[in-house]
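Peer 1: My structure is below; once you've seen it, I'll send some questions.
The values are calculated or read from the model by the stated rules, or taken from the named source; none is laboratory data. What you are looking at is a predicted structure, and each value in this text was computed from that prediction instead of being measured. So basically every Cβ, Gly included, is an ideal-geometry build from the backbone, and we count neighbours across all protein chains shown. Areas reflect the complete protein model, heavy atoms only, side chains present, ligands, DNA and RNA absent. Shrake-Rupley method; radii C 1.70, N 1.55, O 1.52, S 1.80 Å.
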Amino acid sequence: MRHDIVIIGGGPAGLAAAISAREAGVEDVLILEREQELGGILNQCIHNGFGLHTFQEELTGPEYAARYIEKAQALGIPAQLGATVIDLAREDGVLTVTCVSRQAGLQCIQAGAVVLCMGCRERPRGALNIPGCRPAGIFSAGTAQRLVNREGYLPGRKVVILGSGDIGLIMARRMTLEGAQVQCVAEIQPYSGGLKRNIVQCLDDYGIPLKLSHTVVDIRGKERVEGVTIAAVDDRMQPIPGTEEDIPCDTLLLSVGLIPENELSRQIGVEISPATNGPRVNESLETSIPGVFACGNVLHVHDLVDYVSEEAEQAGRNAARAVLGQSAETGREIPLSPTGAIRYTVPATLDPARMQETLTVRFRVKETVKSGQIRVLLDGKEVLRRNRPIMAPGEMEQAVLKKEWFTGTEQTLEVWAGPREGGNTNG
Amino acid sequence: MKPYDVVVIGAGVTGAAVARELSRRKGRFVVVERSGDVGEGTSKANSAIVHAGFDALPGTLKAKMNVQGSQVMEDLARELDIPYRRNGALVTCLNPEDLPHLQELYERGLQNGVQGLRLLSGDEARAMEPNLSQRVCGALLAETSAIICPFELTLGLAESAVQNGVEFRFSTAVQGLEKTETGWRVHTSQDVLETRVVVNAAGVAAGELHNAVCDRPIHIVPRKGEYMLLDKTVGDHVSHTIFQLPGKLGKGVLVSPTVHGNLLVGPTALDVEDPEDLAVTAAGLKDLQEKAALAVDRLPLRQVITSFAGMRAHETGDDFVLEETAENFFDAAGIESPGLSSAPAIGAYLADRIAQKLSLPENPDFDPIRHAVPHLAGMSPQERAARIRENPAYGAIVCRCEQISEGEILDAIHAPLGARTLDGVKRRTRAGMGRCQAGFCSPRVMELLARELHTDLLAVRKNGPESRLVVEQIRGEDKP
Amino acid sequence: MAEHELTCIGCPLGCALRVETDDTGAVVRVTGNTCKRGEDYGRREVTCPTRTVTSTVRVAGGKEPVVPVRTRTDIPKDRIFACMEAVRQAHIAAPVSIGDVVLHNVCGTGVDVIASKAVPARE
């Protein structure tokens, strides 16, 4: 079996990539989706706030997904559901995707190009080394979200949330609306990991305290959670003795970060960036393995699905170009250097010859920057300067590069963010 | 009702081994277990090592049982269809002043009859294990040391026993023992059992039972050990089990690959009052990190996927108690390390003595072969494809991290001693044991448990009776 | 005269708004917003705050036991819990399409509760 483009994952990234690949002229696109329906995690994100950027209206997760699912179906793009990719390999230049499903058994599918759209997973408790017992009642926020929104069950009645990621904030409100008491949200960082609007409408609206620079230092309960102890942390994030506070609860939700799911990427030998935990990609969103592209949360964790869709459209288009032999010959690769307060950029390199008229570079800052500025320097010469009132690690930033800036001799490309004169860095 | 020939108290690895060995004879045997599954005590959280046998003092039961157990373990693992790997162990010496102790350990091993022992220089050891610390100035190589999955060993022994006619009763706590003319009357939380012989394999509770029937008390101290489990991506950080020679720096902790490809670091050792205190402590984790780093460099501690604590049944006499303590009451008490390694030998030893005492005839139908739940991710693509053709449920992946299918989970639920809880499924199939730690698959596994056991999600438990996972159905399907 | 400092929830930017009201409580001026949506939010938030409510409703005969729902537009903030109570009691028969009205004029707010996902009937 062979397909021109195989898209691994039928969530927002996979759907947008498949649609744009088809629209760019590749007929033979196949989506492999491990769940029983398309849409990915959006199916359990029943809250509103999606699509403002893409559709200029505020949609819920399922509504946002439906727009893309309908479009993919209208284009006749086939999708195998319940199909889990178990292996990805490249031998003699041929990409092989191995997947299993109830309907089709084990299939080895050859692909002209592969787009990685596997999304991300939540960081579990173990990774945090929280001391204490291991009773029932400790859930990642997304697991609780699925139980509440898809199964119709409440995981607990008295809840503490560790971590102020967006899913945790959303679940604070959701469980409150279903009658649970959310005692507090503890965040080890001095700033929230979630969007400001979610602090307002999920916590402030319901009087749920957000305790910054606090963490859980003990979990009690032999079989089911009976309580947790939270404590303030110092600037090295170590608990400060004497600040412990016992909070009785039956549930601890964790919203402590998302990790791109790159098991398959690693299997095929894709180079992974330690800053994003996702593949290192070039301007075409192509990984270190030719013909393998990546987009969405598998590439780097996004805050907004709108940007996932936008990025995935690029990846799908680029995969189509590669399959159709329309990619320009590779000229040179200019590395993008993140400097100042920037932690990473996606993409990590840029080939001006293969770049489209514009290229959106997405990045995150390491720390909160007030009265900030973004600057792009090409061979040390400033080509872009944009003021930003505030930049926070929890919110993705972007800079749009223009092809016209490149004349063919450039060696260095620096993306900088920091306080503009008179501004300050905080945190 | 005909009385039992033997009631074994405790379905840990020792009780299961005794039960399986008993089933080589004809008789009426039952294992009673207070928790809901096999291996819920000491057997579920330990170092997962089949020790070579150089550690125990010559002449002790520990030494004898360990060496015998270690010798039969590979064949046993094959019969029970469970993973076993002879990866060898290195006891590292971190201080030149302690080198004589390494020599002592070597000689002790020889005395105990351990094969494949060799003393190495620090450089020789590092040549075998590049991540060993420069501090390592000598090492004892034990080629016969192996790794195993303790839960699967316990389950394998127990299911083999069931196949050969042994009965298991879970959620059945022993509340009292009464001497009768023909043996014992065992009062449990469920009912009263008449039996000729009782075997006390109650782990940390064994002391209590012993002391109830015997005026020479033993003292079992619950000793807590904390562990950290690291992701499979770093499972090959060391290939041998790396021990530290007890010395000036304390007892040290081990770093070992597991049969499932993870890396295990532990244990701490802390005597505690409450045998159910399985809390992991900040101090314990810190201690592990510091001690492990003494022998092994570049430990990728950012890759920790979970930490846990186990409880060891330490007997203050420091040896196993394996004897007919009172008439027709056999102890298997104080079974701490190397208890896992010794289990097959303990089982055979006690079963032989009981069979002799009760004149039990051979069981001509005894079948040593037991089949585990198939593990599709470990199969070749051809074999896997064939399995899915046979049963399409093997193609529906539920746990994405470990690639465990619905078919494997259903097999685990419907096995002779089937899984009844989320943890039961996890231990039998590894669903939920991967790097997401059940974030994605637990709702799915809960649904499968509810469906297959004809119950409701509200009744599904993580492990014990109070460990429910959801507390209220907020939107039921509309029932007309 | 009063000044209210708010964070706009109109979009992910989360602009810091300053809303000035006169002695009657009427809004005099909104600053700090970067779009019209922000000004609207600022005005509404200090006079009659509103929110969209999202939840789920049980389904009869569907492939899934519940369907996600939303209020078609915002409702007054102080009606959220009343709306939730109505949603908890509600039910709808499969098949359900996106936009199907689950509750008309929920709690007298003039706003419908609508399905936000399709749920096919069980075969």
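Peer 1: Note the per residue figure in Å³ for the convex hull of the C-alpha positions in segment C:54-115.
Peer 2: Expressed per residue, the convex hull around the Cα atoms of segment C:54-115 is 65 Å³.
Peer 1: While we're on this one: Two decimals, Cα atoms only, Kirkwood Rh: what is Rg/Rh over segment A:178-236?
Peer 2: Radius of gyration over Kirkwood radius for segment A:178-236 works out to 1.02.
Peer 1: Here is a follow-up. Alpha carbons only, please: Rg and Dmax for segment A:6-137, in angstrom.
Peer 2: Rg and Dmax of segment A:6-137, Cα atoms, are 17.4, 56 Å.
Peer 1: From the Cα gyration tensor of segment B:219-259, with a ≥ b ≥ c the square roots of its eigenvalues, which class applies: rounded if a/c is under 1.5, or else prolate if a/b is larger than b/c, or else oblate?
Peer 2: Taking the square roots of the gyration eigenvalues as a ≥ b ≥ c, segment B:219-259 is oblate.
Peer 1: Enter the mean number of other protein chain beta carbons within 10 Å of the beta carbon of each residue in A:190-203, as an integer.
Peer 2: Shielding by partners across A:190-203 averages 3.
Peer 1: Can you give me the Kirkwood hydrodynamic radius for the protein assembly as shown, using every pair of distinct Cα atoms, in Å to one decimal?
Peer 2: Every distinct Cα pair counted, the radius reaches 31.2 Å.
Peer 1: Let me ask something additional. How big is the antiparallel share of DSSP beta bridges in segment A:330-427, given as a percent to the nearest 5?
Peer 2: Around 85 percent antiparallel, to the nearest 5.
Peer 1: For segment A:305-319, list residues with backbone N below 19 Å from a point placed 7 Å from the Cα of A:Arg386 toward its Cβ?
Peer 2: From segment A:305-319, the list is A:305-315.
Peer 1: Starting from the Cα gyration tensor of segment B:275-412, take the square roots of the eigenvalues, sort them a ≥ b ≥ c, and report rounded, prolate or oblate (rounded when a/c is under 1.5, otherwise prolate if a/b is larger than b/c, else oblate). Walk me through the intermediate numbers first.
Peer 2: Working: a/c = 2.86, a/b = 1.15, b/c = 2.50.
Oblate shape, in that a/c is at least 1.5 and b/c is the bigger or equal ratio.
Peer 1: Okay, moving on. Under the Karplus relation 6.51 cos²θ - 1.76 cosθ + 1.60, θ = phi - 60°, what is the ordered set of whole-Hz ³J(HN,Hα) values for segment B:105-111, x standing for Gly and Pro?
Peer 2: 5, 4, 5, 4, x, 4, 4
Peer 1: State the Kirkwood hydrodynamic radius of chain A in Å, one decimal place, computed from all pairs of distinct Cα atoms.
Peer 2: It is 22.7 Å.
Peer 1: Taking the 0 to 90 degree range and rounding to the nearest ten, how far is the long axis of helix A:61-74 tilted relative to the main principal axis of chain A, both from C-alpha atoms?
Peer 2: Between helix and principal axis, roughly 20 degrees.
Peer 1: How much of the pair distance distribution for segment B:381-480 lies past 19 Å, counting alpha-carbon pairs only, in percent?
Peer 2: Values: 2151 of 4950 pairs.
Value for segment B:381-480: 43 percent of Cα pairs lie more than 19 Å apart.
Peer 1: Can I ask one more? Mind giving me the nanometre distance, one decimal, between the label points for B:Ile369 and B:Asp319, set 7 Å out from Cα along Cα→Cβ?
Peer 2: That separation, rounded to one decimal, is 4.1 nm.
Peer 1: Measure off 7 Å from each Cα along the Cα-to-Cβ vector at A:Tyr206 and B:Gln111, then give the distance between these two points in nanometres to one decimal.
Peer 2: 6.6 nm
Peer 1: So how much slack lies between A:Glu410 and A:Arg236, counting 0.36 nm per residue of separation and subtracting their Cα-Cα distance, in nm? Display every interim value, and only then the final one.
Peer 2: Numbers: separation 174, 0.36 × 174 = 62.64 nm, distance 4.05 nm.
Here the segment from A:Glu410 to A:Arg236 would lengthen by 58.6 nm.
Peer 1: Report, for the protein assembly as shown, the % of DSSP beta bridges that are antiparallel, rounded to 5.
Peer 2: Once the DSSP bridges in the protein assembly as shown are tallied, antiparallel ones form about 70 percent.
Peer 1: How compact is chain B by the rule of thumb for globular proteins, expressed as Cα Rg over 2.2 N^0.38 Å? Provide the component values of the computation, followed by the final result.
Peer 2: On the way: Rg = 22.6 Å, N = 480, 2.2 N^0.38 = 23.0 Å.
This ratio for chain B stands at 0.98.
Peer 1: Test of understanding: what is the full-extension gain from B:Arg78 to B:Leu453, defined as 0.36 nm times their sequence separation minus their Cα-Cα distance?
Peer 2: 131.9 nm
Peer 1: Can you give me the Cα centroid spacing of segment A:336-385 and segment C:39-57 in angstrom?
Peer 2: What the calculation gives is 36 Å, centre to centre.
Peer 1: Next up: Once you wrap a convex hull around the alpha carbon atoms of segment A:242-310, what is its projected area averaged over all directions, in nm²?
Peer 2: For the Cα atoms of segment A:242-310, the hull's average projected area reads 7.9 nm².
Peer 1: Right, here's the next one. Non-local amide H neighbours of A:Gly418 (under 5 Å, H modeled in plane, Pro and chain starts lacking H): which ones?
Peer 2: Those qualifying (amide H under 5 Å, at least 5 residues apart or on another chain) are A:Ala341, A:Gln373.
Peer 1: List, by residue number, every residue in segment B:349-395 with a reduction of 20 Å² or greater in accessible area between the chain on its own and the complete protein assembly, 1.4 Å probe.
Peer 2: B:Pro381, B:Arg384, B:Ala385, B:Ile388, B:Pro392, B:Gly395
Peer 1: What value does segment B:137-198 have for Rg/Rh, both radii from Cα atoms and Rh as Kirkwood defines it?
Peer 2: Dividing the radius of gyration by the Kirkwood radius yields 1.26.
Peer 1: Evaluate the Kirkwood expression for the hydrodynamic radius of segment B:423-480, namely the inverse of the mean inverse distance over all pairs of different C-alpha atoms, and round to one decimal in Å.
Peer 2: Values: mean 1/r = 0.0810 Å⁻¹.
Computed over segment B:423-480, the radius equals 12.3 Å.
Peer 1: Percentage of Cα-Cα pair distances in segment B:67-136 greater than 13 Å, rounded to whole percent?
Peer 2: Details: 1721 of 2415 pairs.
When all Cα pairs of segment B:67-136 are counted, 71 percent exceed 13 Å.
Peer 1: Next up: Kindly compute the accessible surface that chains A and B hide from a 1.4 Å probe when together, both sides summed, and give it to the nearest 100 Å².
Peer 2: 4200 Å²
Peer 1: Using only Cα atoms, locate the centre of segment A:271-297 and the centre of segment B:336-387, then give the distance between them in Å, rounded to an integer.
Peer 2: Segment A:271-297 and segment B:336-387 have Cα centres spaced 48 Å from each other.
Peer 1: Would you kindly find the accessible area of A:Ser371, with a 1.4 Å probe and non-protein molecules such as ligands, DNA and RNA excluded, rounding to the nearest 10 Å²?
Peer 2: Around 40 Å² of this residue is reachable by solvent.
Peer 1: Now for a separate question. Given the convex hull over the Cα atoms of segment A:280-332, what projected area results after averaging over all orientations, in nm²?
Peer 2: The Cα convex hull of segment A:280-332, projected and averaged over all directions, gives 3.7 nm².
Peer 1: Next up: Taking amide H atoms as placed 1.01 Å from N in the peptide plane, list the residues 5 or more away in sequence, or in a different chain, whose amide H sits under 5 Å from that of A:Ala136.
Peer 2: Counting only residues 5 or more places away or on other chains, the set is A:Arg224, A:Val225.
Peer 1: While we're looking at this one, here's another question. Of the accessible area of chain A, with the probe set at 1.4 angstrom, what percent is carbon plus sulfur?
Peer 2: The value for chain A is 47 percent carbon and sulfur by accessible area.
Peer 1: With Cβ to Cβ distances under 11 Å as the rule, what net charge do the other residues near B:Leu141 carry (K, R +1; D, E -1)?
Peer 2: Its environment carries a net charge of -2.
Peer 1: Would you calculate, for chain B, the mean residue ellipticity at 222 nm contributed by helices, counting each DSSP H stretch of 4 or more residues as -39,500 (n - 2.57) and dividing by all residues, to the nearest 500?
Peer 2: -9500 deg cm²/dmol
Peer 1: Pull out a ≥ b ≥ c, the square roots of the eigenvalues of the alpha-carbon gyration tensor of segment A:124-256, then state rounded if a/c is under 1.5, prolate if not and a/b is larger than b/c, and oblate in the remaining case.
Peer 2: Here segment A:124-256 falls in the oblate category.
Peer 1: With a cut-off of 14 Å, note down the residues of segment A:198-221 whose backbone N falls inside the zone around a label point 7 Å from the Cα of C:Lys77 toward its beta carbon.
Peer 2: Output list for this probe position: A:198-208.
Peer 1: Ok, one more. Largest first and in whole Å, give the semi-axes of segment A:330-427's equivalent ellipsoid, each being the square root of 5 times a Cα gyration tensor eigenvalue.
Peer 2: Listed largest to smallest, the semi-axes of segment A:330-427 are 25, 13, 11 Å.
Peer 1: Also, I was wondering about something else. Kindly rank B:312-323, B:351-362 from highest to lowest mean number of other beta carbons found within 10 Å of each residue. The partial results should precede the final answer.
Peer 2: Numbers: B:312-323: 18.2, B:351-362: 15.6.
Top of the packing list down: B:312-323, B:351-362.
Peer 1: So, one more: Helix A:166-177 against the longest principal axis of chain A: what's the angle in degrees, Cα atoms only, rounded to the nearest 10?
Peer 2: Relative to chain A, helix A:166-177 is tipped by roughly 50 degrees.
Peer 1: Moving to a separate point now. Which value, in square angstrom to the nearest 100, describes the accessible area buried between chains A and C on both sides, using a 1.4 angstrom probe?
Peer 2: On the way: alone 18580 and 7330 Å², together 23420 Å².
Buried area between the two chains comes out at roughly 2500 Å².
Peer 1: Quick one: if you stick a label point 7 Å off each Cα along the C-beta vector at C:Glu85 and A:Thr339, how many nm between them?
Peer 2: The answer from the label model is 6.2 nm.
Peer 1: Then there is this: Residues with amide H under 5 Å of A:Leu384's amide H, sequence separation 5 or more or different chain, H placed in the peptide plane at 1.01 Å from N; which?
Peer 2: The list, which skips near neighbours in sequence, is A:Val376.
Peer 1: Now a separate question. I need the phi-derived Karplus couplings for segment A:140-154: 6.51 cos²θ - 1.76 cosθ + 1.60, θ = phi - 60°, integer Hz, Gly and Pro marked x.
Peer 2: For segment A:140-154, the Karplus-derived couplings read 6, 4, x, 5, 4, 4, 5, 4, 6, 7, 9, 9, x, 10, 9 Hz, x marking Gly and Pro.
Peer 1: For the pairs A:Lys211/A:Lys370; B:Lys64/B:Lys224; A:Lys402/B:Lys232, flag any whose C-alpha to C-alpha distance is greater than 32 Å. Walk me through the numbers on the way to the answer.
Peer 2: On the way: A:Lys211/A:Lys370 21 Å; B:Lys64/B:Lys224 25 Å; A:Lys402/B:Lys232 43 Å.
Result: A:Lys402/B:Lys232 exceed 32 Å.
Peer 1: To the nearest 500 deg cm²/dmol, what mean residue ellipticity at 222 nm is calculated for chain A from DSSP H runs of n ≥ 4 alone, each contributing -39,500 (n - 2.57), summed and divided by the residues? Spell out each step's value before the answer.
Peer 2: Values: 7 runs with 73 residues, N = 427.
Helices in chain A give a 222 nm mean residue ellipticity of -5000 deg cm²/dmol.
Peer 1: Farthest toward the dipole's positive end in segment C:2-47, which of C:Tyr41, C:Ala2, C:Leu13, given Cβ charges of +1 (Lys, Arg) and -1 (Asp, Glu) about the Cα centre?
Peer 2: Checked the options; the winner is C:Leu13.
Peer 1: Could you pull out the GluC sites (Glu not before Pro) across segment B:244-312 that fall in loop regions by DSSP (anything but H, G, I, E, B) with no more than 15 other Cβ atoms inside 10 Å?
Peer 2: In loop regions of segment B:244-312 (DSSP not H, G, I, E or B), the sparsely surrounded GluC sites (Glu not before Pro) are B:Glu273, B:Glu276.
Peer 1: Please determine, in degrees from 0 to 90 and to the nearest 10, the orientation of helix C:36-47 with respect to the longest principal axis defined by the Cα atoms of chain C, where the helix direction is its Cα long axis.
Peer 2: The angle comes out near 90 degrees.
Peer 1: If you take the charge dipole of segment B:387-480 about its Cα centre, with +1 on Lys and Arg Cβ and -1 on Asp and Glu Cβ, which of B:Val445, B:Gly418, B:Cys401 is farthest toward its positive end?
Peer 2: B:Cys401
Peer 1: A further question follows. Net charge near A:Ala275, counting Lys/Arg +1 and Asp/Glu -1 over other residues with Cβ under 13 Å of its Cβ? Present the calculation step by step, with values, prior to reporting the outcome.
Peer 2: On the way: positive: A:Arg280, A:Arg343, A:Arg362, A:Arg364, A:Lys366; negative: A:Glu271.
In short, +4.
Peer 1: Per residue, how many Å² of accessible area does segment B:262-308 show with a 1.4 Å probe? Intermediate values should be presented prior to the final figure.
Peer 2: Working: 2170 Å² over 47 residues.
Each residue of segment B:262-308 exposes 46 Å² on average to a 1.4 Å probe.
Peer 1: Extension gain B:Arg298-B:Glu167, at 0.36 nm per residue separation less the Cα-Cα distance, in nm?
Peer 2: Values: separation 131, 0.36 × 131 = 47.16 nm, distance 4.85 nm.
Taking 0.36 nm per residue and subtracting the Cα distance, the gain is 42.3 nm.
Peer 1: Ok, one more. Select from segment A:130-232 those trypsin sites (Lys or Arg not before Pro) which occupy a DSSP coil region and have at most 16 other Cβ atoms within 10 Å, ordered by residue number.
Peer 2: Working: sites: A:Arg146, A:Arg150, A:Arg157, A:Lys158, A:Arg173, A:Arg174, A:Lys196, A:Arg197, A:Lys211, A:Arg220, A:Lys222, A:Arg224; in loops: A:Arg157, A:Lys222.
Those that pass, being in a loop and sparsely packed, are A:Arg157.
Peer 1: For segment B:118-138 and segment B:424-472, compute the distance between their C-alpha centroids and round to whole Å.
Peer 2: 44 Å
Peer 1: Among A:Val281, A:Thr229, A:His300, whose Cα lies farthest out toward the positive end of the dipole of segment A:181-329, if unit charges sit on the beta carbon of Lys, Arg (+1) and Asp, Glu (-1)?
Peer 2: Of the candidates, A:Val281 comes out farthest on the positive side.
Peer 1: Evaluate segment B:106-240: find the radius of gyration of its Cα atoms, find its Kirkwood radius, and give the ratio Rg to Rh.
Peer 2: My calculation of the ratio gives 1.13.
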